[in-house]
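Right, one structure below, let's go through it.
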Amino acid sequence: MATTENKVQFNIKNVHYAVMTADGETPAWDTPVPVPGAVNLSLEASGEITPFYADGVVYYKSSSNNGYEGDLEMARFIDQMLQDVWGYVLNDTDKTIIENVGVEPKSFALLFQIDGDADNDLYCMYNCTGTRPGIVGATSTDTKEPQTQTSTISATSLENGNVFARTTSETPENVRAAWFTKVYTPSAGPAG
């Protein structure tokens with residue numbers, strides 16, 4: 001366990017997804033599945049500040065938290081994730097993967113690691129949906145430049161209001177060690 005907090009962060013890795021199997025008061029997820037080849041993750045906070053005017057001034061400001069939205073770029077999304085999250089079907093006879101327009105994507109937790117100068121930070125975004133990754137290809141020239149795939153991720157809150165969890169420099173090693181084995185849920189309610 002690190003004793004000092006990170007000053008900087010870099011290098012996303014250890015991306016996992018876990019399909020949500022139950023929502024509501026007691027959310028549940030399948031076992032996290034690793035997705036190798038993380039390239040970039042950029043999630044921007046979603047929400048706004050709304051001023052309320054009275055007595056000729058801003059009397060009160062409210063702030064909404066609508067979670068996060070942005071892009072997850074991978075070397076390639078694995079076939080299992082295409083099936084589990086976006087409902088693609090593997091044809092048993094021909095072993096082809098088929099996308100059907102009538103299938104609704106499933107919600108999932110997104111787990112990942114971002115390294116820092118003192119220690120790694122482990123994240124769990126609890127309630128995500130994602131756009132289907134695009135199909136990308138380009139002609140090879142004198143060098144082979146890998147093409148990547150991107151999904152736009154929307155991470156919103158659970159019914160209890162939790163959007164994500166992240167480890168800190170004080171997180172016990174047993175919590176860190178189990179991070180990618182199941183979706184982390186707090187052992188006690190948030191302090192407050």
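Details
- Residue in the range 28-36 that is in contact with a helix residue (DSSP H, G or I) (Cβ under 9 Å, 6 or more places away or on another chain) and either within 14 Å of GLN113 (Cβ to Cβ) or open to solvent by less than 40 Å² (accessible area, probe 1.4 Å) (or both) present: yes
- Set TYR68, TYR17, TYR60: member being hydroxyl-bearing (Ser, Thr, Tyr), in contact (Cβ under 8 Å) with a residue 12 or more places away in the chain and in contact with a Pro (Cβ under 8 Å, 6 or more places away or on another chain): TYR17
- Residue that is farthest from GLN149 (Cα to Cα) [pool: residues in the range 79-95 that are open to solvent by 60 Å² or more (accessible area, probe 1.4 Å) and part of a loop (DSSP other than H, G, I, E, B)]: THR93
- Candidates in the range 142-160 are the residues that are without any contact (Cβ under 8 Å) to a residue 12 or more places away in the chain and open to solvent by less than 100 Å² (accessible area, probe 1.4 Å); of these, the one that is nearest to the chain's Cα centre (by Cα) is GLN147.
- Single condition VAL163 does not satisfy, out of (1) among the β-branched types (Val, Ile, Thr); (2) in contact with a strand residue (DSSP E or B) (Cβ under 7 Å, 6 or more places away or on another chain); (3) open to solvent by 40 Å² or more (accessible area, probe 1.4 Å): (3)
- If only residues of the range 42-77 that are of a type in the set (A, V, I, L, M, F, W, C) and crowded, with 16+ Cβ neighbours inside 10 Å are counted, the one that is modelled with the lowest pLDDT is LEU43.
- Any chance VAL39 is at pLDDT 90 or above, assigned to a strand (DSSP E or B), within 15 Å of MET125 (Cβ to Cβ) and open to solvent by less than 80 Å² (accessible area, probe 1.4 Å): no
- Listed conditions (1) open to solvent by less than 90 Å² (accessible area, probe 1.4 Å); (2) assigned to a loop (DSSP other than H, G, I, E, B) are all met by GLU25, apart from (1).
- Positions within the range 115-141 being within 12 Å of the chain's Cα centre (by Cα) and closer than 21 Å to ILE78 by Cα, in sequence order: TYR123, CYS124, MET125, TYR126, ASN127, CYS128, THR129, GLY130
- Selection count where residues are of a type in the set (Gly, Ala, Ser) and either over 30 Å from GLY130 (Cα atoms) or not in a strand (DSSP E or B) (or both), scope the range 47-75: 6
The values are calculated or read from the model by the stated rules, or taken from the named source; none is laboratory data. Keep in mind the model is a prediction, meaning the values are calculated, not measured. Positions of Cβ are backbone-derived with ideal geometry, glycine not excepted, and every protein chain shown enters the neighbour counts. Heads up: the accessible areas ignore ligands, DNA and RNA and are worked out on the full protein's heavy atoms, side chains in. Shrake-Rupley method; radii C 1.70, N 1.55, O 1.52, S 1.80 Å.
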